[in-house]
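The values are calculated or read from the model by the stated rules, or taken from the named source; none is laboratory data. Note that the coordinates shown come from a computational prediction; the quantities given were computed from them, not determined experimentally. Every residue, glycine among them, receives a Cβ derived from its backbone with ideal geometry; neighbour counts consider all protein chains shown. Heavy atoms of the whole protein, side chains included, go into the accessibility calculation; ligands, DNA and RNA do not. Shrake-Rupley method; radii C 1.70, N 1.55, O 1.52, S 1.80 Å.
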Amino acid sequence: MLKIENLKAVVDGVEILKGINLSVNSGEVHAIMGPNGSGKSTLSSVIAGDETYEVSSGSILFDDDDLLDLDPDQRAHKGVFLSFQYPVEIPGISVSNFIKAAITEKRKVLGLDPMPAKDLLWKMREKMDLLNMKPGYLSRNMNEGFSGGEKKRNEIFQMAMLEPKLAILDETDSGLDIDALKVVANGVNKLKNSNNATIVITHYQRLLDYIVPDYVHVLHNGRIIKSGGKELAHQLEEKGYDWITKLADEKWGS
Amino acid sequence: MKKEELSEDELLEKVTSTEYKYGFTTNIDSDTIPKGLSEDVVRIISKKKEEPNWMLEYRLKAYRTWLEMKEPDWANVNYPKPNYQDIIYYSAPKQKKKLDSLDDLDPELKKTFDKLGISLNEQKRLSGVAVDIVMDSVSVATSFKSKLADLGIIFCSISEAIKEHPELVQKYLGTVVPARDNFFSALNAAVFSDGSFCYIPKGSRCPMELSTYFRINEAGTGQFERTLLIADEGSYVSYLEGCTAPQRDENQLHAAVVELIAMDNAEIKYSTVQTWYPGNKDGVGGVFNFVTKRGICHKKAKISWTQVETGSAVTWKYPSCILKGDHSIGEFFSVAVTNNLQQADTGTKMIHLGKNSKSTIIAKGICAGKSNGSYRGLVQISKGAKNSRNFSQCDSLLMGDSCGSHTFPYIEVKNSSSQVEHEATTSKIGEDQIFYCNQRGIGTEEAIALIVNGYCKDVLNQLPMEFAVEAQKLLEISLEGSVG
């Protein structure tokens, strides 16, 4: 589904991604771990199409398309979803109106009329239940006055509504208490099926107890320096990152 | 990145290249008088309108006052001063007979309305709006009149009111905005050609939104309309004014006067959607919109001004409330959009005279292109206006880095029991907000419309439902093509 080859990205003249290779197939969950500043968020932003980053080489194949040829909204229409680490506020626009706009735009591309209001509302209620959202949530303005946890839950709610093929969860666990974490993880697990894939970006192993990855990759200094199964996450939890990063630094320089 | 980035400059280029959508001229024979202003012209206007002598005297006095006045230049706008001898002061579409119904309307006129998206019949049918149309100064159609008449409500052109209800006009005309008030109000009093008149009798609630569409049609014709709205004790009325002018290369002068009188316990809601021609992207042409709007609130009365201003090359406009009565309430809700080389200096004045009077000001400015938007507001609390309150919020939203936004709040408080609050913010549409929307599949243009609508929500919510939708569309049109 997703095939990233030799991806390099630069911001303000500094190379942040130094040649990423990553393959993700349908039905898989991949975790990308790594210390602060390793390039995790840059990778997710580049996949989503954030123009702050300049891609200097490489390709990101998604099914038959090279994502790098597409605008961010076109990538979204193809089924790429990013759960933001820092979701932005959009004052004056309610959650329901925002989601309605997003779904309408996607359907427009597919040549479909807007979803009937009744169906849309029904779907929203169903997904709200899945994520234990409080009543009144839909009429709140997008992320305005939301707590950190509410913002993250709002991201997963949108993911549930938009049903992407590839969901990238960027530090979704940060700012969540343990109960909220369980709710969010449970939601993500229920949305998983054999046709979609998830990339979980996290600093800590904690989230991976609830969203169990098939593969774990360690990102350091803009490169994936080690890949393995879920046991790799446990090793990292026990030993920290140093034992791998040291080896990598010897190979590529720090 | 392989994809070419659309730079902010390119986005702005796109914003500024959106052409004015209402630029067309209706081919109707007009009954026009020669250019220029003199006592004779004032007399001709009055005569053509078959006015009584007191009205002629009122006009002449105003004209003489105007001669001694100077055009104000304190506003934060720059424009070539109009040559007042180069303007045609009266133009009326030739109408063969009075219309019994809107179906008898001149087909050309009708087409104009269709282009504007105002199908009168549709409006009649769908929204129950009574429309009094001012097309180049003379009312050509008035609807729903009989229904309103049953309730004792008078809704007609001001010329008709001068003939049919002289006692009301004579009693109230110029009491809130005297001719000598300012340069433009004096000019208007001397030469106004038509406008609307509305009287709501004691205790009645006007059952529908009253609406007037103004339009400047004859090239070089100033539109000097005059509106007088009186809500008698305990009555309620909601009034909407919408304006559109076709595309012309010369600047057109528009100096209207609106007077509102809210008697004890009365409530007036006055909403404006202003879309006069803003000039092209090089700043050629466009309407000069110099308007004086003011209302007076008696005891426990309330006046709400709501305006969505997207048009005109230069706007100079401060809908105000004189809160004369105790417990009276004044409100001002405004969205002002400037684009290209448009200039707007707009705001409000809240003059608190009565005890426990309250006022609220919510002003939202949106500036794009190389435009300049200013909020100018005065909150004045007199010595006797004990326990009065004001809350003001002035926000500016900037698009690009070539526009300017300015705020000039004046606050004068003469007693110690009153409270005044002022909040102000300036923001830019963030690239992070646009990217967030993009990531959810919402294209950049839709994203901007969404963000702008969210920003203006507090004001748009004040508009009557059917017009809120229209205003939302207008905002989108004004900023359309902004990004792609």
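Tally up the carbon and sulfur contribution to the accessible surface of the range B:305-462 as a whole percent, 1.4 Å probe, everything protein left in place.
Details: 2550 of 5250 Å².
Reported share for carbon and sulfur atoms: 49 percent.
Stokes-Einstein diffusion for the range A:91-147, with the hydrodynamic radius set to the Kirkwood value over Cα pairs and evaluated at 25 °C in a medium of 0.890 mPa s, equals 202 µm²/s.
With only alpha-carbon pairs counted, each pair once and no self-pairs, how large is the Kirkwood hydrodynamic radius of the range A:1-150 in angstroms?
Numbers: mean 1/r = 0.0566 Å⁻¹.
Evaluated on the range A:1-150, it is 17.7 Å.
For the range B:245-316, the residue among B:291, B:262, B:313 whose Cα projects farthest onto the positive side of the dipole built from Cβ charges is B:262. For the range B:70-78, 3J(HN,Hα) computed residue by residue from phi via the Karplus equation (6.51, -1.76, 1.60; θ = phi - 60°) reads 10, 5, x, 9, 7, 6, 7, 9, 10 Hz, glycine and proline entered as x.
Relative protection proxy for A:116-122, B:53-59, from highest mean packing down: B:53-59, A:116-122 (other beta-carbon atoms within 10 angstrom).
Proximity of backbone amide H atoms, modeled 1.01 Å from N, is registered between residue A:56 and A:8, A:9, A:10 at under 5 Å, excluding neighbours fewer than 5 places apart on the same chain.
Please give the charge dipole size of the range A:104-158, origin at the Cα centre, charges +1 on K and R Cβ atoms and -1 on D and E Cβ atoms. Round to the nearest 20 debye. Can you show the working numbers first?
On the way: 12 positive and 8 negative charges, 9 e Å.
Dipole about the Cα centre, nearest 20: 40 debye.
Between residue A:11 and residue A:119, the C-beta separation translates, for a Förster distance of 45 Å, into a calculated FRET efficiency of about 0.60. Between amide H atoms placed 1.01 Å from N, distances below 5 Å from residue B:329 occur with B:301, B:302, B:303, B:358, all of them 5 or more places distant or on a separate chain. Determine the per residue accessible area of chain A with all protein chains present and a 1.4 angstrom probe, expressed in square angstrom. Roughly 44 Å² per residue, with all protein chains present. When only the Cβ of Lys, Arg, Asp and Glu is charged (+1, +1, -1, -1), the dipole of the range A:2-252 relative to its Cα centre reaches about 660 debye.
Ignoring any ligand, DNA or RNA, what whole percent of the accessible area of the range A:2-252 comes from carbon and sulfur when the probe is 1.4 angstrom?
Values: 5260 of 11050 Å².
Here carbon and sulfur together make up 48 percent of the probe-accessible area.
Each stretch of four or more DSSP H residues adds -39500 (n - 2.57); spread over every residue of chain A, this sum gives -11500 deg cm²/dmol at 222 nm. Dividing the Cα radius of gyration of the range A:2-252 by its Kirkwood radius returns 0.97 for Rg/Rh.
Residues of the range A:53-80 buried by at least 30 Å² of accessible area upon assembly of all protein chains, compared with the chain on its own (1.4 Å probe): A:55, A:68, A:69, A:71, A:72, A:73, A:76.
Other protein chain C-beta atoms within 10 Å of residue C-beta, averaged over B:296-304: 0.
The gain in end-to-end length when the residue A:66 to residue A:204 segment is fully stretched comes to 46.6 nm, 0.36 nm per residue minus the alpha carbon separation.
How do A:144-152, A:100-108 rank on mean C-beta neighbours within 10 Å, highest first?
Details: A:144-152: 16.3, A:100-108: 19.0.
For the peptides A:144-152, A:100-108, the packing ranking is A:100-108, A:144-152.
Derived scalar couplings between HN and Hα for the range B:417-423 equal 9, 9, 10, 10, 10, 9, 10 Hz in order, rounded to whole Hz, by the Karplus curve 6.51 cos²θ - 1.76 cosθ + 1.60 (θ = phi - 60°), x for Gly and Pro.
Distance between the 7 Å Cα→Cβ label points at residue A:126 and residue B:419: 4.9 nm. With the simple model of a label 7 Å out from the Cα in the direction of the Cβ, residue A:109 to residue B:43 spans 7.2 nm.
With solvent modelled as a 1.4 Å probe, how much accessible area in total do chains B and A shield from it at their shared surface, in Å² to the nearest 100? Each step should come with its number before you reach the end.
Details: alone 20170 and 12470 Å², together 29990 Å².
Its buried surface, counting both partners, is about 2600 Å².
Each of A:56, A:98, A:176 was placed along the dipole of the range A:55-179 (beta-carbon charges, centred on the mean Cα), and the one lying farthest toward the positive end is A:98. Measuring heavy-atom accessible area with a 1.4 angstrom probe and counting protein chains only, the residues of the range A:90-132 that give up at least 50 Å² relative to the chain alone are A:90, A:93, A:98, A:105. Listed values for the range B:435-445 are Karplus-derived 3J(HN,Hα) couplings in whole Hz (6.51 cos²θ - 1.76 cosθ + 1.60, θ = phi - 60°), namely 5, 4, 4, 3, 4, 8, x, 8, x, 4, 5, and x replaces Gly and Pro.
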